[in-house]
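Chemist: Below is one structure. I have some questions about it.
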Amino acid sequence: MKLAQLFSIYPEYRVGETIHKDVVNICRDSRDVVPGSVFVAISGYKVDGHEYISKAIENGAIGIVAESTAKIPKEYSGAVVIVTDTRVALQKLASHFYGNPASELFCVGVTGTNGKTTITYMVEAILNHYGWPTGVLGTINHHLGDHVWKSSLTTPDAVDLQRRLREFCALGAKAVVFEVSSHALSQYRVDEVPFDVTVFSNLSRDHLDYHLTMENYFHSKERLFTDVLAQSSKSEIFAVINQADEYGQKIFPTDRAHVFRYGERDVDISFTINKMDFQGSEFEIITSRGTVEVQLPIPGLFNIYNALAASGVGLAAHISLSKIAEALSEFQGVPGRLQRVPLSDVCRPAIFIDYAHTPDALEKVLESLNEVRKASQSQGQIITVFGCGGDRDKGKRPIMGSLAEKYSDLIFITSDNPRTEDPEQIIQDVLVG
């Protein structure tokens with residue numbers, strides 16, 4: 001793509017000698033700039049990219065996108081775009097550069113404090129079962145079928161996101177499902193994705209080191225159902241919302257959207273449980289389109305809720321309830337999400353590994369295991385081994401300690417990625433609870 005074509009979405013750009021050159025990439029980090037790059041100067045929370053414009057030019061930038069001309073050398077002869085917000089510009093330029101790949105895909109965005117990963121994998125299973133090859137962008141990795149890429153962020157930055165979507169299209173994908181983080185929403189990373197369906201799982205304390213207040217945290221999540229979904233170019237759009245969550249009850253999506261609310265009663269998608277044990281759950285999904293029985297091979301009430309959310313996406317894609325139930329009944333779970341450790345002797349303890357790193361996630365896991373223990377009339381103990389990460393919200397540590405004590409028969413507190421903090425101090429913070 002020529003620079004003139006890339007910058008054509010900003011008709012007021014300053015024409016330079018480089019305007020007919022080929023663009024090789026778009027960068028927000030001057031260290032990544034090579035001859036042929038376009039550099040977008042982002043005013044970050046810790047670093048201002050405008051301070052590195054000269055370095056980007058030195059490295060070969062043929063175009064500069066900035067919020068002012070103050071840091072652009074007067075002698076620079078390349079093309080320049082001045083915008084109000086370079087974060088927004090980065091999204092638009094990246095999407096344009098890669099040919100707006102999301103417009104070619106059925107796009108699903110899942111947000112919430114807990115459950116995002118499991119819901120995305122369930123949605124992937126349903127859409128794949130229906131015959132739509134589906135890519136996944138999330139915390140564990142990015143993947144499409146046997147193609148797997150490493151993931152460093154829950155939601156990639158704008159350039160990586162659009163590049164990956166173009167790769168998915170080239171590999172034959174018909175759909176993509178994202179985990180959409182609150183950071184990504186507050187930084188506009190998915191604003192150029194025309195979503196077909198957006199999903200809200202729940203909201204509880206997390207990331208307050210970044211958002212500072214629960215209100216800020218909620219409003220960042222809410223954007224997916226208001227600002228972002230409202231500007232989707234898709235002709236039919238849907239929002240799937242957990243009505244059992246107090247924050248879900250506060251989300252009122254754009255008027256354009258069809259809304260499916262899920263929960264236990266008085267909702268669009270509800271359920272009744274027939275059986276629960278450590279092997280999984282048998283339950284019925286009840287909708288206006290009918291009722292279907294599901295044998296979900298992973299345990300826990302919260303996983304039933306995750307299945308309802310994924311079912312809402314299936315219904316939005318006009319997939320039959322029977323096909324949705326088939327896919328969920330074959331679902332084998334997600335690595336690290338209430339993942340059962342296989343043991344040859346059935347009489348041995350049931351051992352689960354779970355990513356739970358927030359008070360709400362820990363409570364849901366332990367509460368569900370207690371419910372399963374009661375339902376299956378097991379006499380076994382619940383033994384919990386956990387820790388809290390360093391350089392993150394310290395306020396949740398005593399809360400997690402208190403919850404572990406409430407729902408466990410025995411607790412082992414250990415180290416979990418202390419980063420720059422003293423592991424012993426983190427443990428002491430947990431013990432306060």
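The values are calculated or read from the model by the stated rules, or taken from the named source; none is laboratory data. All values reported here derive from a predicted model rather than from experimental measurement. Every residue, glycine as well, gets a Cβ built from its backbone with ideal geometry; the counts of neighbours run over all protein chains shown.
Chemist: Give the residue that is farthest from Y188 (Cα to Cα), with candidates limited to residues of segment 134-163 that are surrounded by 18 or more Cβ atoms within 10 Å (Cβ to Cβ) and of a type in the set (G, A, S).
Modeler: G135
Conditions tested, residue by residue: (1) without any contact (Cβ under 8 Å) to a residue 60 or more places away in the chain; (2) among the acidic types (D, E); (3) part of a helix (DSSP H, G or I).
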site	(1), (2), (3)
P253	yes, no, no
R256	yes, no, no
D266	yes, yes, no
S270	yes, no, no
S281	yes, no, no
N303	no, no, yes
A310	no, no, yes
V313	no, no, yes
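Chemist: Still on this structure, I have one more. Give me the residue from segment 43-68 that is hydrophobic (A, V, I, L, M, F, W, C) and closer than 17 Å to V88 by Cα and, out of that set, surrounded by the fewest Cβ atoms within 10 Å (Cβ to Cβ).
Modeler: Going through the qualifying residues, I end up with A66.
Chemist: Still on this structure: Looking at segment 371-399 only, could you name the residues that are at pLDDT below 95 and among the β-branched types (V, I, T)?
Modeler: V372
Chemist: When you look at R265, is it modelled with pLDDT under 95, in the same structural domain as I285 (by TED's automatic domain parsing), surrounded by fewer than 22 Cβ atoms within 10 Å (Cβ to Cβ) and within 19 Å of the chain's Cα centre (by Cα), yes or no?
Modeler: No.
Chemist: Only one of these is basic (K, R), part of a helix (DSSP H, G or I) and over 26 Å from M276 (Cβ atoms): R397, R419, R373, R392. Name it.
Modeler: That would be R397, the only listed residue that is basic (K, R), part of a helix (DSSP H, G or I) and over 26 Å from M276 (Cβ atoms).
Chemist: Looking at segment 191-214, is at least one residue of a type in the set (F, W, Y), more than 26 Å from R28 (Cβ to Cβ), modelled with pLDDT under 95 and more than 14 Å from the chain's Cα centre (by Cα)?
Modeler: No, segment 191-214 contains no residue that is of a type in the set (F, W, Y), more than 26 Å from R28 (Cβ to Cβ), modelled with pLDDT under 95 and more than 14 Å from the chain's Cα centre (by Cα).
Chemist: For segment 26-42, which positions are surrounded by fewer than 14 Cβ atoms within 10 Å (Cβ to Cβ) and in contact with a Gly (Cβ under 7 Å, 6 or more places away or on another chain)?
Modeler: Selection gives V34, P35.
Chemist: Which residues, counting only those in segment 101-131, are surrounded by fewer than 18 Cβ atoms within 10 Å (Cβ to Cβ) and touching a residue at least 60 places away in the same chain (Cβ under 8 Å)?
Modeler: S103, E104, N128, listed by residue number.
Chemist: N202 versus (1) out of contact with any Leu (no Cβ under 8 Å at 6 or more places or on another chain); (2) closer than 22 Å to L127 by Cβ; (3) crowded, with 18+ Cβ neighbours inside 10 Å: which is the lone unmet condition?
Modeler: Only one criterion in (1) out of contact with any Leu (no Cβ under 8 Å at 6 or more places or on another chain); (2) closer than 22 Å to L127 by Cβ; (3) crowded, with 18+ Cβ neighbours inside 10 Å is unmet by N202, namely (2).
Chemist: Starting from segment 8-25, take each residue that is touching a residue at least 60 places away in the same chain (Cβ under 8 Å) and surrounded by 11 or more Cβ atoms within 10 Å (Cβ to Cβ) and list its partners that are part of a loop (DSSP other than H, G, I, E, B) and among the aromatic types (F, W, Y), counting only C-beta distances under 9 angstrom and pairs at least six apart or across chains.
Modeler: Listed by first residue and then by second, the contacts come to G16/Y76; I19/Y13.
Chemist: Quick check, is L366 under 22 Å from N306 (Cα atoms) and either surrounded by 14 or more Cβ atoms within 10 Å (Cβ to Cβ) or at pLDDT 95 or above (or both)?
Modeler: Taking the combined requirement at face value, the residue satisfies it.
Chemist: I'd like to check something: does segment 386-408 contain any residue that is surrounded by fewer than 17 Cβ atoms within 10 Å (Cβ to Cβ) and among the aliphatic types (A, V, I, L, M)?
Modeler: No, segment 386-408 contains no residue that is surrounded by fewer than 17 Cβ atoms within 10 Å (Cβ to Cβ) and among the aliphatic types (A, V, I, L, M).
Chemist: Determine which member of the set Q295, Q332, Q279 is of a type in the set (S, T, N, Q), under 23 Å from the mean Cα position of the chain (by Cα) and surrounded by fewer than 19 Cβ atoms within 10 Å (Cβ to Cβ).
Modeler: Q332
Chemist: Looking at A317, A244, A230, A325, which is the one that is at pLDDT 95 or above, of a type outside the set (F, W, Y) and surrounded by 21 or more Cβ atoms within 10 Å (Cβ to Cβ)?
Modeler: Matching residue, one of A317, A244, A230, A325: A325.
Chemist: Pairs under 7 Å by beta carbon, first residue under 15 Å from K406 (Cβ atoms) and surrounded by 18 or more Cβ atoms within 10 Å (Cβ to Cβ) in segment 351-363, partner modelled with pLDDT under 90 and of a type in the set (K, R), six or more apart or different chains?
Modeler: Pairs that qualify, where the first residue is under 15 Å from K406 (Cβ atoms) and surrounded by 18 or more Cβ atoms within 10 Å (Cβ to Cβ) and the partner is modelled with pLDDT under 90 and of a type in the set (K, R), are P359/R205; D360/R205.
Chemist: Any chance segment 47-62 includes a residue that's touching a residue at least 60 places away in the same chain (Cβ under 8 Å) and more than 28 Å from F225 (Cβ to Cβ)?
Modeler: For segment 47-62, residues touching a residue at least 60 places away in the same chain (Cβ under 8 Å) and more than 28 Å from F225 (Cβ to Cβ): absent.
Chemist: From the list L161, L153, which residue is under 16 Å from the mean Cα position of the chain (by Cα), in the same structural domain as G312 (by TED's automatic domain parsing) and assigned to a helix (DSSP H, G or I)?
Modeler: The match here is L161.
Chemist: Going by the structure shown, is P73 surrounded by fewer than 24 Cβ atoms within 10 Å (Cβ to Cβ) and within 19 Å of the chain's Cα centre (by Cα)?
Modeler: Criteria not met by P73.
Chemist: Still on this model: For segment 164-199, give me each residue that is of a type in the set (A, V, I, L, M, F, W, C), assigned to a loop (DSSP other than H, G, I, E, B) and surrounded by fewer than 24 Cβ atoms within 10 Å (Cβ to Cβ).
Modeler: L171, A173
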